[in-house]
4 protein chains.
Amino acid sequence: MYSFKNDYSEGMHPRILNALAASNLEQTEGYGEDYYTQQAAELLKEKIGRTDIDIHLLVGGTQTNLTAISAFLRPHEAVVAASTGHVFTHETGAIEATGHKVIAVEVKDGKLKREHIEAVLEAHTDEHMVKPKMVYISNSTEVGSIYKKEEIKSLSQFCKKNKLLLYLDGARLGSALSSEENDMTLEDIGRLTDAFYIGGTKNGALMGEALVICQDNLKEDFRFHIKQKGALLAKGRFLGLQFRELFKDNLYFELSEHANKMAGLLQHAISKAGYAFLTHTPSNQIFPVFPNGVIEELQKKYSFHIWEKVDGDHSAIRLVTSWATEEAAVMNFIEDVQGMAEN
Amino acid sequence: MYSFKNDYSEGMHPRILNALAASNLEQTEGYGEDYYTQQAAELLKEKIGRTDIDIHLLVGGTQTNLTAISAFLRPHEAVVAASTGHVFTHETGAIEATGHKVIAVEVKDGKLKREHIEAVLEAHTDEHMVKPKMVYISNSTEVGSIYKKEEIKSLSQFCKKNKLLLYLDGARLGSALSSEENDMTLEDIGRLTDAFYIGGTKNGALMGEALVICQDNLKEDFRFHIKQKGALLAKGRFLGLQFRELFKDNLYFELSEHANKMAGLLQHAISKAGYAFLTHTPSNQIFPVFPNGVIEELQKKYSFHIWEKVDGDHSAIRLVTSWATEEAAVMNFIEDVQGMAEN
Amino acid sequence: MYSFKNDYSEGMHPRILNALAASNLEQTEGYGEDYYTQQAAELLKEKIGRTDIDIHLLVGGTQTNLTAISAFLRPHEAVVAASTGHVFTHETGAIEATGHKVIAVEVKDGKLKREHIEAVLEAHTDEHMVKPKMVYISNSTEVGSIYKKEEIKSLSQFCKKNKLLLYLDGARLGSALSSEENDMTLEDIGRLTDAFYIGGTKNGALMGEALVICQDNLKEDFRFHIKQKGALLAKGRFLGLQFRELFKDNLYFELSEHANKMAGLLQHAISKAGYAFLTHTPSNQIFPVFPNGVIEELQKKYSFHIWEKVDGDHSAIRLVTSWATEEAAVMNFIEDVQGMAEN
Amino acid sequence: MYSFKNDYSEGMHPRILNALAASNLEQTEGYGEDYYTQQAAELLKEKIGRTDIDIHLLVGGTQTNLTAISAFLRPHEAVVAASTGHVFTHETGAIEATGHKVIAVEVKDGKLKREHIEAVLEAHTDEHMVKPKMVYISNSTEVGSIYKKEEIKSLSQFCKKNKLLLYLDGARLGSALSSEENDMTLEDIGRLTDAFYIGGTKNGALMGEALVICQDNLKEDFRFHIKQKGALLAKGRFLGLQFRELFKDNLYFELSEHANKMAGLLQHAISKAGYAFLTHTPSNQIFPVFPNGVIEELQKKYSFHIWEKVDGDHSAIRLVTSWATEEAAVMNFIEDVQGMAEN
C-alpha cells in the first residue's frame, strides 16, 4: 500500500538526518539561543534579502499560526480568511481559543481577493462587531492553487491602505514557489507581507516552520509569546540545524521541485487517460475526479483522501506528493489508472 | 567550556537516533495515529500496570502542562502549586493565558504538603474567589527534591476527599524514580495521581513528554485539545519511536541513573571539600554554596546557573547532570574544586 | 423626531420605577442574595412550571450569552448559530473572546432548522475541527421571525439525540410569546431547552435578563462564572425587583403585547398603502421596503435603521416598537406613509 | 438589625432616583451615545482638569478592571498588585480569565511601594516569565488605607521610567479623596496615572464606574472592548444620568464626606472605649479589634464581616459606612459598645 495521503508520511530528508547525527552529542545553548539557529536565521535573511526581519523557528503550522496571530492582534481584532483556510477549518478553533474571531469568505479556489476583503470591511462598521485587522492567506492554498505576484501585490497594497496586516501561511511555500506557474521569490514575499512562515514539516524537515516577521512593530517580545504558547523547544538547535541544512544551498527548493514534478506526472497522465480535475492546481496537490469504481480499485493499492462527492457516480480524490515520493510509485499509479481507463 | 547548565544541552541518546534513522523513510499515518506511537503507549501501560489509562505524546513540558490543565479545568477553577512550581514561575503565564489562576504556596523545598492545600481551601470560601480544583506537584521538584511515597499518598487521599485533581509534572520523573532515596514506582504514580507526565526531553529524547491520564472523566476528547493548542505533531511517529526506545527495555531508567550517579559524585566531592548545599537534593540537580571567588574560577571552565546570593561573599550555583554527562568532565570539575579548596 | 430605532430608547416601565423607589433606602444583602431576587426566581419558576431549575439575573444580553456559553462548554466545543444570530454578528466576538468558535449557518429568515445542524455535524468529523456542542437560537429572531412549537421540539429532540445543548436567546422572548402566531408558553421553553434567558431590557426593565438553567449538569458553580465575567451586580436586588414586578402578574406579557400590537398597526397600514416587506415578522420588528424618496421624507420626522438596499431605488428599513411606543406616534407615521403613497 | 457590612446595602441617592424618574420616558440613543453620558463625560473632564482624556461609563468594578486591563495589555504582560488587591483576591480570577497573570506582592497595609515593584522587576528577567507591565493600586485600598500624593507621585515616576502603566482602582475613590488625611485631587490622579476609575456603586449611584483613560495610546477602539466583555449597557444613559448628578455640583464628595464622618465617629468612640484597631484607616472602613464576647453581642443588633482572628479571644471586624449610613444607627452602635466596655 503506497500512500499519496499527505506530504508528511515519511520522516526527514537524509541530509537532515545526517546533520542531526553529526551534531548530536554537542552541547549547545537551549531554547533556540544556539549558533545553529542563528546560522539558519542568517541564511534565511540572505534568501529573503532583508536584514531587518526577525526569524523564529517553531515546531508546527497550527502552533505558528496561533502564536503569531495572538501576538499580533489586540483582543477585538479579527482575522479574515478564505473558507478553505487552515486557520478556519482545520485547527480545532486554535485561533478562537486565543480569543480571536476568524471571518471566513466563501471561495472555491482557496484564494482571497481584494474584493472579498472589501466586502468584509464594509460589513464591519462599528464596535458591535469585531474589527477586521489581519488578512490570512496560504500559498500554496489548501486546495492546491497558488497566488501570482500581481495578486499578492494587490492584497498588500490594499492592506497597507486599510491598516490591515497581511500574513501568509507557507506550510507549502516550497511547492508554491517551485510551481511552473509561479512568478514570485522569497524576496517578494518578504517585501509584500507583514509576516509569513516557511514550512519545513511538509518539505523535508522532521518538523519545523520558520516564522518571518517583516513589520517592525510586530517584533517586540515575540519570544515571550513562543514560550507562553508552549512552542519554545528546549533543544531548539534541532530546528536551527534543519533550516540551516535546507537553506545552506538550494535543497529546500530542490525538494519542492521534486514534489511538484511528481504531481505533474500524475496530473498529465490522469488527464490523458480522460479524467477531469476538480480545480486547477499547479503544485503538489491534485484533485482528480474518478468514477467511484475506479476509486475502489485504486484504494486496494494506494491510500489517499476522498475529497468530495461530485455526483452519484463520481468523486474527487486528493493526491499529495512530496520530496519523498518515489517516481516508481507514481509510475505504478499511472499504469493502474491507464489500465482501468482502458477497461 | 563544559556545561552543567541543564539537562538538555545535548541531543538524543544514540539508540534513539538509530531508531529515527531506521524508520526514517517509512510511510506511516500522521498525527500520532501510527503503530510506533501505539507501541509506545502499550509499553507505557505495561510499565504503569494499568490498561485503563490514556497515553498522549506531546513535544514539551510547558505545552503538556497547558494542554492538560486547560482541558481538565472549567473556567473558574484554579491550580494550587508550590511557589517554585514550573507552572507558576517559568512558563510565561502559560496557564493564565488559558484563563486559569495559579495559586502559589510559599515553600522552601519545592514540595507541597497537605497543610498547604488545606490553607488554600480555607482561604477560598465563595464565588468571589476562584475555586481551587487541581493540585500541581513536580517530581523531582524544580529545586531537586523528591517526594516519598507516603507524601504522595497523603496528597492523593486529601485530593480525593476534597474532590481535587492531583497532577504530577514529571519533566524529571526519571531522575526522581532513580534516586537512591526514592521508594516509588511508575505503578504507584499511576495509582495515586489523576494525571501525570513522563519527561523525555530531559532524559535522553530529542523531545517528547508522555502524558498519562488515569482518571476516566478527564479522558474525553483529549486529542481535540492537543490539536487546538498546536501540540499535535504531524510526524507524531517520532515521538512514538522515542518512547518505544526508552521503554522497550530499561533504557529510560538507566539514563536517569547515570544522571543521578554523576550528580552524586559531584555532591560527595564538593561536600568532602568542605562546602555546604542550599538544600538536600537526591536527584540530578545540586545546589552547592561557594565563595564568589571560587565561582568565578569555575566559570572559566564550566557553564552553570548562579542560583541565588547566600550572603555578600557566597552564592549557590546549580549544577545539572544528565544521561549525557561525561564522567571525565565530572572528575575534572571535582579536581578543580578540590584544588581551589586546598588553596 | 420620534424613534422607531430600537426597543431600548426609553427607560423603564413606571411600575418598575415605582418599585425601585419604594425599596430604595432599604438595606439588603448584596450580589443577588437578597429576598427580592429570591422572589423573582420563585415567580419565574412558577411561570415556567418547574422547581428544578436555576435562575440567575444578569445585566445584559451579550453578558448573559458569554457567561452562559463559556460556563457550559469545554475549550474545544463550539456553538452552531444562524448567520443572523446575535452571538455571531453583533457581540464583537464576545464568544470567541472566551475561546469558542461560533459556526454560522447561512439562513434568510433567522431560524435554524434540524437539517442545518445535521450538515454542520457531518462537516465536523474529527479532532482537527472544533466539536459542535451547543445550538444557539433566538426567539424572536434578530430579523423578527418566531419559532413554532413544532420547530423547537424538533430541534430539541435532535439535540438530545446528538448530545447537543439547546440554548435560546430570549432578548425578545416577550414579543415572540405574545405574537399572534405563537403557540408556545414559557413552560414549553423550559421543557424543550437546556438553558434560555428571558429578556428584560427590551421589554420594560431598566436592564436585566433572567437566565434559566434547565439542565442539571449545567448548574454547578454558575455564580463563580457570573462573578468572573464581571456580571455580578453589587446591588443585585434591583434586578430582582424588576423581574418581580414584571412577573408578579402579567405585566411582562402585557408590555410585549402592546409592542406587537403597535408593530401590527404599522404593518397593516404600510401593506395597505401598497408596500411590501423584506420578510414575514409577526413580532415587534418589521422591515418594510420603501422607495428611497419615501425613506428620505420619513427620516425628517422619524429615526430608524436603514436595513439593506433592495435595488437601486428601494431599501428596506427596520421599525421597532416596544412597550413604550405611543399609539399616537404610530398613527402619525401611518398617516405620513399614506400621504406619501397618495402623491 | 442594622448593617455595617458594606457600602452597597442601600439603593441610590434620592437625587439620582429623581434624575432617573425625570428622564425616564424620554427617547435617547442607546449604548452610551446619548447626551446625558456626554454631559457626564464633560463634567468629569472639568473636574479632572483635562480635555485630552477619554471617559467610559461601565456598570461595576470587576467589569471595569477586566475590560480595561485586557484592553491595555498584550498577552504576555502581567499586572503587579498588592496581595490585598481586589483583582488578586476578590474577582474570581477575572483578570486571569482574560489571559493575564496577576503578580501579588505581600503587604500589610494594602499599599504598593516603589521597592515592591522594583523587586518584581528584578525577579522577572527573561521570556520564560511574564513581563510585568501594569501596576495596579486601589485608593482607598481594600483595607481602608489611603495613598498620599507623594506616594503616588513616586509610583508614577517609577512607572514612567520603567515603561509600566499605572492603573488606579477607585471603587472607593470618593472616600479616599474626602479623607482628612488626603492631600490629593482628581486633577492629581488624572495627571499621575495612565488610567483610573471613579467608583459610583459604593458612593451613591445605583451602579456605575467611570473609567478615565489618560494615556493616549490606551484609548484606541476602547468601545470594542466594552462591547466584547458584555459591558456596554443598552440604556447607557442611566449611567450618564447618575454621573451627571453626582458631579454637576459637589454631591459625589458630599456623600463620601458623610461616609467618612460616620466612620470617624465610630472610630473615635471605639478607641475611647479602649479598643484597638487592626490598622490605621482614615476612610469609610474601620477594623476594630473586640473580644469575641463583645462581637457576639454586637451581632444581635448589627451585621458586619468578621475580618480575622487576632488571638484566641479577640477578632477584628470590619465596619463600613456609606453615604446612606444613618447617624442614629452609628450613635446606637457607639452606645452599645460603650455599654459593653463598662461591664
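The values are calculated or read from the model by the stated rules, or taken from the named source; none is laboratory data. A quick note: this is a predicted structure, and the numbers were derived from the prediction, not measured. Cβ atoms come from the backbone with ideal geometry, glycine included; neighbour counts cover every protein chain shown. These area figures cover heavy atoms from the full protein model, side chains too; ligands, DNA and RNA do not enter into them. Shrake-Rupley method; radii C 1.70, N 1.55, O 1.52, S 1.80 Å.
Taking the criterion of being closer than 26 Å to residue A:59 by Cβ, open to solvent by less than 40 Å² (accessible area, probe 1.4 Å) and either modelled with pLDDT under 95 or small (Gly, Ala, Ser) (or both), would at least one residue in the range A:238-249 satisfy it?
From the range A:238-249, those closer than 26 Å to residue A:59 by Cβ are A:238-249; that's our starting set.
Add one more test, that the residue is open to solvent by less than 40 Å² (accessible area, probe 1.4 Å), and what stays is A:238-243, A:245-247.
With either modelled with pLDDT under 95 or small (Gly, Ala, Ser) (or both) added as a condition, the list becomes A:240.
Yes, the conditions are met somewhere in the range A:238-249.
Only residues in the range C:69-96 that are assigned by TED's automatic domain parsing to the domain that holds residue C:197 count as the first member; pair them with residues that are modelled with pLDDT under 95 and in a helix (DSSP H, G or I), Cβ under 8 angstrom, at least 6 apart or cross-chain, and list the lot.
Filtered contacts from the range C:69-96: C:83/C:89.
Is at least one residue of the range A:84-103 within 14 Å of chain B (Cβ to nearest Cβ), open to solvent by 20 Å² or more (accessible area, probe 1.4 Å), under 21 Å from residue D:72 (Cβ atoms) and out of contact with any Leu (no Cβ under 8 Å at 6 or more places or on another chain)?
Checking the range A:84-103: not a single residue is within 14 Å of chain B (Cβ to nearest Cβ), open to solvent by 20 Å² or more (accessible area, probe 1.4 Å), under 21 Å from residue D:72 (Cβ atoms) and out of contact with any Leu (no Cβ under 8 Å at 6 or more places or on another chain).
Assigned to a helix (DSSP H, G or I), out of contact with any His (no Cβ under 6 Å at 6 or more places or on another chain), modelled with pLDDT of 95 or more and surrounded by fewer than 24 Cβ atoms within 10 Å (Cβ to Cβ), is that true of residue C:187?
Numbers: assigned to a helix (DSSP H, G or I): yes; out of contact with any His (no Cβ under 6 Å at 6 or more places or on another chain): yes; modelled with pLDDT of 95 or more: yes; surrounded by fewer than 24 Cβ atoms within 10 Å (Cβ to Cβ): yes.
So residue C:187 passes the test.
How do the helices (runs of 4 or more DSSP H) wholly within the range C:4-77 filter down when requiring 2 or more residues that are open to solvent by 20 Å² or more (accessible area, probe 1.4 Å) and of a type in the set (Asp, Glu): which remain? Steps first, answer last, please.
Working: elements: C:14-23, C:35-48, C:61-72.
Of the helices (runs of 4 or more DSSP H) lying wholly inside the range C:4-77, those with at least 2 residues that are open to solvent by 20 Å² or more (accessible area, probe 1.4 Å) and of a type in the set (Asp, Glu) span C:35-48.
Identify the single condition in (1) within 17 Å of the chain's Cα centre (by Cα); (2) over 25 Å from residue D:144 (Cα atoms) that residue D:207 does not satisfy, given that it satisfies every other one.
Evaluating residue D:207 over (1) within 17 Å of the chain's Cα centre (by Cα); (2) over 25 Å from residue D:144 (Cα atoms) leaves (2) as the failure.
Please specify each residue of the range C:47-68 satisfying the condition of being over 22 Å from residue D:232 (Cα atoms) and touching a residue at least 60 places away in the same chain (Cβ under 8 Å).
Hits for the range C:47-68 are C:47, C:48, C:49, C:50, C:52, C:53, C:54, C:55.
Quick one: in the range A:7-61, of everything that is β-branched (Val, Ile, Thr) and farther than 30 Å from residue A:318 by Cβ, which residue is nearest to the other protein chains (Cβ to nearest Cβ)? It would help to see each step written out before you state the result.
Let us first name the residues in the range A:7-61 that are β-branched (Val, Ile, Thr), namely A:16, A:28, A:37, A:48, A:51, A:53, A:55, A:59.
When the remaining residues are screened for being farther than 30 Å from residue A:318 by Cβ, the result is A:28, A:37, A:48, A:51, A:53, A:55.
Values: A:28: 6, A:37: 14, A:48: 24, A:51: 22, A:53: 19, A:55: 16 Å.
For the range A:7-61, the residue satisfying everything is A:28.
Could you check, for the range A:224-247, whether at least one of its residues is in a loop (DSSP other than H, G, I, E, B) and away from chain B (no Cβ under 14 Å)?
Here is the first cut: in the range A:224-247, the residues in a loop (DSSP other than H, G, I, E, B) are A:229-236.
Narrowing the set further to residues that are away from chain B (no Cβ under 14 Å) leaves none.
No, the conditions are met nowhere in the range A:224-247.
If residue C:179 satisfies every condition in (1) within 13 Å of chain D (Cβ to nearest Cβ); (2) open to solvent by less than 20 Å² (accessible area, probe 1.4 Å); (3) on the phi < 0 side of the Ramachandran plot but one, which is the exception?
Exception for residue C:179: condition (1).
The conditions are (1) among the charged types (D, E, K, R); (2) surrounded by fewer than 20 Cβ atoms within 10 Å (Cβ to Cβ); (3) within 28 Å of the chain's Cα centre (by Cα), and residue C:335 fails exactly one of them. Which is it?
(3)
Suppose we keep only residues that are touching a residue at least 24 places away in the same chain (Cβ under 8 Å) and aliphatic (A, V, I, L, M) within the range A:291-327. Which one would you say is most open to solvent (accessible area, probe 1.4 Å)?
Residue satisfying both the conditions and the ranking: A:310.
Here is a yes/no grid of residues against (1) closer than 26 Å to residue D:26 by Cβ; (2) in contact (Cβ under 8 Å) with a residue 24 or more places away in the chain; (3) touching a helix residue (DSSP H, G or I) at 6+ places or on another chain (Cβ under 7 Å); (4) not charged (D, E, K, R):
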{"site": "C:188", "(1), (2), (3), (4)": "no, yes, yes, no"}
{"site": "C:195", "(1), (2), (3), (4)": "no, yes, yes, yes"}
{"site": "C:202", "(1), (2), (3), (4)": "yes, yes, no, no"}
{"site": "C:231", "(1), (2), (3), (4)": "no, yes, yes, yes"}
{"site": "C:240", "(1), (2), (3), (4)": "yes, yes, yes, yes"}
{"site": "C:243", "(1), (2), (3), (4)": "yes, yes, yes, yes"}
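Within the set of pairs 6+ apart or on separate chains, which have a first residue in the range B:271-290 that is surrounded by 19 or more Cβ atoms within 10 Å (Cβ to Cβ), a second that is of a type in the set (Lys, Arg), and C-beta atoms under 8 Å apart?
Close Cβ pairs satisfying both conditions: B:283/B:172; B:284/B:172; B:285/B:172; B:285/B:318; B:286/B:318; B:287/B:318.
Look at residue A:206 and say whether it is at pLDDT 95 or above, in a strand (DSSP E or B) and of a type in the set (A, V, I, L, M, F, W, C). Steps first, please.
Numbers: at pLDDT 95 or above: yes; in a strand (DSSP E or B): no; of a type in the set (A, V, I, L, M, F, W, C): yes.
Criteria not met by residue A:206.
From the residues in the range D:250-270 that are touching a Pro at 6+ places or on another chain (Cβ under 9 Å) and within 15 Å of residue D:333 (Cα to Cα), which one is surrounded by the fewest Cβ atoms within 10 Å (Cβ to Cβ)?
D:264
Restricting attention to the range D:107-145, report how many residues are more than 17 Å from residue D:77 (Cβ to Cβ), in contact (Cβ under 8 Å) with a residue 40 or more places away in the chain, outside any loop (DSSP other than H, G, I, E, B) and open to solvent by 10 Å² or more (accessible area, probe 1.4 Å).
Adding up the residues that qualify gives 2.
Is it true that residue B:173 is of a type in the set (A, V, I, L, M, F, W, C), over 15 Å from residue B:256 (Cα atoms) and crowded, with 19+ Cβ neighbours inside 10 Å? Lay out the reasoning, then the answer.
Details: of a type in the set (A, V, I, L, M, F, W, C): yes; over 15 Å from residue B:256 (Cα atoms): no; crowded, with 19+ Cβ neighbours inside 10 Å: yes.
No; evaluated as a whole, the condition is false for this residue.
Across the range A:176-194, which residue is farthest from residue A:47 (Cα to Cα) among those that are of a type in the set (Gly, Ala, Ser) and in contact with a Gly (Cβ under 9 Å, 6 or more places away or on another chain)?
A:176
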